[in-house]
Every structure is written in C-alpha cells, then in structure tokens.
Amino acid sequence: MVRLLGGGSARRPQHTARSRNRRPQQARAQPSGGDPPPTPAPAAAPMASSPQPAPPTGGDPAAPADPELPRLTVTQVEQMKVEARVADIYRVLFGAASNTKSIMLELWRDQHIEYLTHGLRHLGPAFHVLDANRPWLCYWMVHPLALLDEVLDDDLEDDIVDFLARCQDKDGGYGGGPGQLPHLATTYAAVNTLVTIGSERALSSINRDNLYKFMLRMKDESGAFRMHDGGEIDVRASYTAISVASLVNILDVELAKGVGDYIARCQTYEGGIAGEPHAEAHGGYTFCGLAALILLNEAEKLDLPCLIDWVAFRQGVECGFQGRTNKLVDGCYSFWQGAAIALTQKLVMIIDEQLKLSYSCKKPSGEDACGTSSSGCTSEKSSSAVDYAKFGYDFIQRSNQVGPLFHNIALQQYILLCAQVLEGGLRDKPGKNRDHYHSCYCLSGLSVSQYSATTDSDSCPLPQHVLGPYSNLLEPIHPLYNVVLDKYHTAYEFFSQE
Amino acid sequence: MEHAKSGPGSWPEMADVVPVPQDDGPSPVVPIAYRDDFREVMDYFRALYLAGERSPRALRLTAEAIEVNPGNYTVWHFRRLILEALDYDLLQEMNFVEKIAECNPKNYQIWHHKRWLAEKLGPDVANKEHEFTMKILALDAKNYHAWSHRQWVLQTLGGWESELQYCNQLLEEDIFNNSAWNQRYLVITRSPLLGGLMAMRDSEVHYTIEAILANPQNESPWRYLRGLYKGENNLLVADERISDVCLKVLKNDWSCVFALSLLLDLLRSGLQPSDELKATLEPIRNSNPEMADADLATAVCCTLQKCDPLRVNYWSWYKTTLSSQIS
C-alpha cells in the first residue's frame, strides 16, 4: 500500500497555490481522453455522488473557478478535481482497519468475469458506435477473461471463431464486422483473440498467405503502414501490423523495411513517441512504437534513457499513469505506459550502451549512434536470413535485468481502488463509467505490474509485489503482443510448424 | 441528410434496392441490439457497397450511415470512391465533414477524410483549415487529432505566418497545455519563416525560463528546455542559464523534482558545479550523512529518491547508471 501518496500528500503537479497565472479561466469540461473509440455508457456510474465536470458537449458556460483559487488554468482545475476524488478514496483506505484494507484491495474477479462474459452475448443499442470495432470488442472481453484464468465454454469459443471468420476478408485481414473493409487494428484484435482462444480450429482459421498480402498492400513507400486501403498512416498501424506478422510468423524483411526508421522519427523531444512525426508524445503510441521496434530488433533506434524518463514521469500522485504530460490520469495507461516501461527492464544492454555513448561524446545516442537512415547496424541485420519470429520469443525468455522502473505497487493501488467498479468491469477514473476497453487495459496493466518485479519469466511474483490478497494475481502476459503468455507459447509452437 | 427517418419504408429512392442484412451467423458473439433505423441504413449501405454503386443516392446514403456511426471507416472509404466518381464539389464536402467533426472531434476517420480533402484542395485552403482546427481547439485545447491535422496542414499546405503567436496565446491561456508546447517546438524547429532552432534557441531559452520561474511545478517547460538542446548535451551544459534556473528554483524549494532531475542530467553530462551551486546543495548533503563523500550527482540522486517517492525505483536505477559511469 502506498501511504506516501494518497490523502493529499501530493508531490507532483501541485497545481495549487503556487500558480501565478494571469487570467482566471473557466472550468471547461474536456471530453474524455485517450485513444479508444467513444465509449457507450451501458452502466450507471457507481460513484456518481460528487459533481461531474459538465456534459461532454463542452458547454458549462459560466462555471468560474473557485474564488479562493482565482488564477488556475483549465489544466490545473481539472487536475485538482481528479486529485481530490482520488484522495477521498485513499483516505478511506488509510483510515481502515487492516482486514478492511485487505477487502478493499481485493480484485473483484467474479464481478469482472460476469460483466465480460455477459458482453460476449449481449450488447445494448448504445454499442452501435462500436459497430466497426467488433473484433476489438471480442478482444477486450476474451483477453481479460484469460487474464482472470476464466475458461470459456467450447460453444462460445467456436462461435467467436466463426464470427471472426466472417470478419476475415477474402483477400486477407480482418474488418470491423462482417463484410467490412479489412483494417490493421481490427486484424490485430481478431488475431489476438484467436490466439487467446488457442484451439487448433482458432489458429488455423487465420489465412496467413492472404494476411501477408494484405499487409504488403498496406505498406506505404515510407515503410510505415496505413490502417486500411486509403487509410491513415501512424504508429498504431505499424505496431498492429508488426505484432500480428510476428505472432503468426509471417514477418520478413519485406514487411519490416523502413518501419523502424519511421517509428524512430516519431520519438519527440520529450522522450515519448507520438502518433506521427512532430506530434505530441503519447502513452499509447509509446507502447506501440517501442514494442514494434523490439519485435523488429531495432530498439536501439530510440533514445531509450530519454524514453524511460518520460514514461517514469507519467505516473502521478493518483498512482496511475497519465497519457501525456499535464493530462489526467487514466486507467488504460496502466498498460500502455506500464508495459512500455516494463519492456525496458529487458533492454539494459542497449540502454547501458546508449548511456556510455552519451557520456563519452556528450551526445545522446539514438539517431547519432545508430543512424536513422538505413545504414549502419540496420543494414547488417537486414539480411534475408533474419528469423523475425525469434525476436518476440527470445525477448520473453530474457530475464528482467533490473527491477521495475515505475512504482508497481502504486499502480496496483490505483487500478484496484480507483478503476474497479463494484458491479464488475473497470474504468478510466473515479466518476467515469466502466467499459470493455478499460477493463481490458486496466487488467493488462495490473498483470504487468504484478510481474514486473520477477526476474525470470517462469517464476511467480513474491507476495510483497502483489498488492492485496495473493489471489489477486492474474495470468502473466507476453507484453509485446498483450496476449496471455501460455497462449502465446501455444501459438508460437503452432505457427513455427506452419 | 434530407431523409425523414420515420421508420421502415421511408426510403423511396431505394425502392429498387434489396437490402442486405448483416451476416452475423447463426450464433453471433458481441451482438449489438441495433435500433431499427440503424439497421435499415446499414442494410441499404451494404447493398450499394456490394454493388459498387457510385451514384448521388449512394452518396446521400453514406451521409446517413456516417451520421449513425461516424466511426465506420468502410463507409468513409466508399464515400471517397463516390466523390471521385461523381467529381463532386470538394468544398461542399469539406462543409459536410466539418459539421460531423464538430460533434465528433475525437474520431480518426473524420480527420483522415479532412486530410484527404485538404490534400486535393491544396494550399488555398490552408488558412481555412487553420481556422477550423482553432475552433476545435477552443473547445478542447489538447485534442490530439486536431493538433495532428494542424501540423500536417502547416507542413503540407503552409500558413505558418501567425503560428508562433497562436502558441503564445494558448500558452498564455494555459501555460500547462503541453500540446501547445509541443506545437511551439514544431514551429521553432520547422517554420520556414523563423530560421530554425539555431536562430530561435536563445530567445526560446529565455521564454521557457520565464515560464519555469512562474510555475516551477509545471513539467512542460522543463521538458521543452531540454528539447531545445536535444542531441547537444554539451551545449546544454555550456548554457549557464540552464544551471542557473535550476539553482534559482532550488533556492526556493530544494525538493523541486524537475529542477533536481535537470540538474542531475547536467551533472551527468559533465557540468562543473559552481561554488554557488555547491553551497545551495550543501543542506541536501548535510541532511544525509552517507552522502557526505558521494559525488554531487549521486547526492542529487539520493535526494530524488527521498523527495520523489513515486519514482523511487527509477532513481535507484538511475543511481546505478551513475556508478557504472564512474567505473
């Protein structure tokens, strides 16, 4: 339990009395942040007591800041509201007797299983906004259920395989629903779902030859990928393509060419990675970019010390992660940021090398050390003999060369206390509704933080690294793909023989 | 958009079209309980999409389908094919997409469509695009899609003239707006009108230091300051204003994490601490007997371990990299 942080002993932003900003600002509501598609609101907010910052339309016309604090900016006001809510929750925890604490810190497995299982068979009309994301819905339910070690019944598994087969395009890749254009992100969701199901029927339903052709068609001349025919190019597209290709063992030089250089160009002056060159460093893209580069064995193209510093600073007084500098905490970044920084625990060799270079020539390594052009160490690797599937496999065999670089216990505290919803499911932050996206990524982040202090991939975490009762322990994942580790191994075996 | 959606049978112009229901199979998963109007629009859409009908009525139908779900990228894609086939007025299309964007400002498809249109329309629309993103950013100054679009327009179509001033304005409204700092970095490094980072660095360092001194707990300008010397640690160390700002802030608040962490980077990169700096850090050292003999960087790192408990693991690791540097 992290006592230092909650209950108002806020260390970070402290956007309070010290501010000397000029103009009073209106407290304007920001529509909910993050990457996910708009979230339907199927459940009532369980903590809908305190005033919620205005409807998403952004109206809230005349809500002048508290007269006591007249000079706060929008960022400060929003931050303070969240800090206050979180502090209320932690205050209860710190004041509780120890057996009550233990109950408070419990993962409500049964409720989450119930919520997720229900969604697989019943979604209300409000979900029509996710009608082009149905393989995502499958993944957001099936993956957290696997994290909870919940076995689906065979009929349901077969039905999921059948449904995803209907989303598979005849020319390769998966669309957002039956008959929709194939899209890299939904392809990632579909393939990860099938890998998580893991049956022979599931794995063999993926048409790998056509998938490969689809991916080649999505490749831009820059080396980066576009999401779909005529679609947008960004780091998400590159990650989903590389992750899927690696997982089903179709990654080759042709697909890999130029992607690493594109991603390296998206690392910003802050240290994190943006969606495209020059945009703002962002947790989702930072995970995507780093994971893709590791799968390509090109992680040295990033300035890793700088990246680690940026991610480490995204964990805030609420104990969870924010997605960008000076934005609000959000449970889904438990995975995007938490997994990104956990990945670097296995990259110590490269990091040491980069630090050495930056000391000796007083220049950060990154670009200068390795060259972002396709020269230097890149061309050496680009021989056709490269066994790309091995990079994902070898990575997970490697031990963690250092302990967690983030506060793994604090993160678990945020997820368990601020993100869990009593009726089941998890959410962005107190005051928000649960949804399947956040359930998936909060639980993925919980798993990552529980295992972040183990040294090798086979051992179980010590009780002191699992906050709450030890029964909170989830299944471990392969953090580059975000599928449960056992399922990954089954798929790896299966696709190695193909 | 002209259709009155009053239930089934309200589509006279589709009288000859056989709707195509979604093929969810006998035992669907993640089934959405679609409302009738949604299902009807999509059934007609599937029919025309499968038939590849690129007609005015198909264009109208895509507008309906977009209205019920602007996240359906297949519909947007088909709409682009129709627009091309019909040689449709793209300025009018821009009005259409802007109306949708105002209600759905966080949707990938809409912004991608807008980029596609702007690319076809060329530099003439640059300023109009800037006005639009400004409008969206006035509602949410950190909208990621709007910023990406704005950056793309600047770099592809131009319109840099007042961009630095726009950044100034946004930062004046909210100095914590990291998106505006990021935009500022783009302008400083990429604007063809300002001469690039080298030309701008000096005044930017000045601006940033002012921002830090006004709000030392604001992380954005601290990161921006380092960014101004990205890849040139030697120059970062050589610019005395950088260590000075750390010193000034630490004199007021010796536990300011951002100041300590920048100072640590400076020391690691070879900063020779001035007597004044040593004197300022003396109380830190004295508070910790085991640090008495440690080098300054290690002492700062130990301080960070204490006053930044959330990052205690990070600073512990950082300390090990310092000792390996010495050995």
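Expressed per residue, the C-alpha convex hull volume of the range B:1-88 stands at 103 Å³. Pairs of Cα atoms nearer than 8 Å and 6+ residues apart set the relative contact order; for chain B it is 8 percent.
For the range B:249-326, which whole-number percentage of the solvent-accessible area (1.4 Å probe, protein heavy atoms only) is attributable to carbon and sulfur atoms? Walk me through the intermediate numbers first.
Numbers: 1700 of 3240 Å².
C and S fraction of accessible area: 52 percent.
Once the Cα gyration tensor of chain B is found, what semi-axes does its equivalent ellipsoid get, as square roots of 5 times the eigenvalues, in whole Å, sorted largest first? Show your work: numbers first, answer last.
Details: eigenvalues 635, 119, 46 Å².
After scaling each eigenvalue by five and taking roots: 56, 24, 15 Å.
In this simple spin-label model, placing a label point 7 Å from the Cα along the Cα-to-Cβ direction at both residue A:387 and residue B:238 gives a separation of 4.9 nm. For chain B, the longest principal axis of the Cα atoms and the long axis of helix B:126-139 meet at an angle of about 70 degrees. Rounded to the nearest 500, the helix-only mean residue ellipticity at 222 nm of the protein assembly as shown stands at -16500 deg cm²/dmol, with each DSSP H run of n ≥ 4 adding -39,500 (n - 2.57). Take the cross-link list A:81/B:230; A:301/A:390; A:390/B:106; A:81/B:99; B:278/B:306; A:429/B:142 and give me the ones stretching past 27 Å between alpha-carbons. Beyond 27 Å between Cα atoms: A:81/B:230; A:390/B:106; A:81/B:99.
Quick one: accessible area per residue over the protein assembly as shown, 1.4 Å probe, rounded to a whole number of Å²?
Per residue, the protein assembly as shown has an accessible area of 37 Å².
Note that the range B:259-270 has calculated 3J(HN,Hα) couplings of 5, 4, 6, 5, 4, 4, 4, 5, 5, 4, 8, x Hz, one per residue in order, obtained from phi through the Karplus relation 6.51 cos²θ - 1.76 cosθ + 1.60 (θ = phi - 60°); glycine and proline are x.
The label point for residue B:155 and the one for residue A:149, both projected 7 Å from the Cα toward the Cβ, are 4.8 nm apart. When the surface is traced with a 1.4 Å probe over the full set of protein chains, residue A:449 keeps roughly 0 Å² accessible.
Using DSSP to call loops (not H, G, I, E or B), can you name the trypsin sites (Lys or Arg not before Pro) in the range A:136-233 whose Cβ has at most 11 other Cβ atoms within 10 angstrom? Could you put the intermediate results ahead of the total?
On the way: sites: A:166, A:170, A:201, A:208, A:213, A:217, A:219, A:226; in loops: A:170.
Sparse-neighbourhood loop trypsin sites (Lys or Arg not before Pro): A:170.
Given a 1.4 Å probe and no ligands, DNA or RNA in the count, how much accessible surface is buried by A and B, both sides, to the nearest 100 Å²? Chains A and B together bury roughly 8200 Å² of accessible area.
Interface burial in the range A:134-175 reaches 50 Å² or more for A:134, A:166, comparing the full protein assembly with the chain by itself; accessible area from heavy atoms with a 1.4 Å probe. When the other protein chains are added to the chain by itself, burial of at least 20 square angstrom of heavy-atom accessible area (probe 1.4 Å, ligands and nucleic acids ignored) affects these residues of the range A:194-228: A:228. Pairs of Cα atoms nearer than 8 Å and 6+ residues apart set the relative contact order; for the range B:1-88 it is 28 percent.
Could you tell me the calculated FRET efficiency between residue B:254 and residue A:98, based on Cβ-Cβ distance and R0 = 41 angstrom, to the nearest 0.05?
Working: r = 36 Å, r/R0 = 0.87.
The calculated FRET efficiency here is 0.70.
Among the GluC sites (Glu not before Pro) in the range A:189-246, those located in a DSSP loop and surrounded by at most 13 other Cβ atoms within 10 Å of their own Cβ are A:221.
Applying 1/(1 + (r/R0)^6) with R0 = 41 Å to the Cβ-Cβ distance of residue A:423 and residue B:67 gives a FRET efficiency near 0.80.
A 1.4 Å probe, protein heavy atoms only, puts the accessible area of residue A:266 near 0 Å². Counting every Cα pair in the range B:249-326, what percent are over 18 Å apart? Result for the distance tail: 34 percent. Expressed as a fraction of 2.2 N^0.38 Å, the value expected for a compact globular protein of N residues, the C-alpha radius of gyration of the protein assembly as shown is 0.93. As a fraction of the 1.4 Å probe accessible area of the range B:1-88, surface on carbon and sulfur atoms comes out at 54 percent.
The values are calculated or read from the model by the stated rules, or taken from the named source; none is laboratory data. Just so it is clear, the structure is predicted and the values come from calculations on it, not from any experiment. Cβ coordinates were reconstructed from backbone atoms using ideal geometry, including for glycine residues, and neighbour counts include every protein chain displayed. Please note that ligands, DNA and RNA were not included when accessible areas were found on the heavy atoms of the full protein model with its side chains. Shrake-Rupley method; radii C 1.70, N 1.55, O 1.52, S 1.80 Å.
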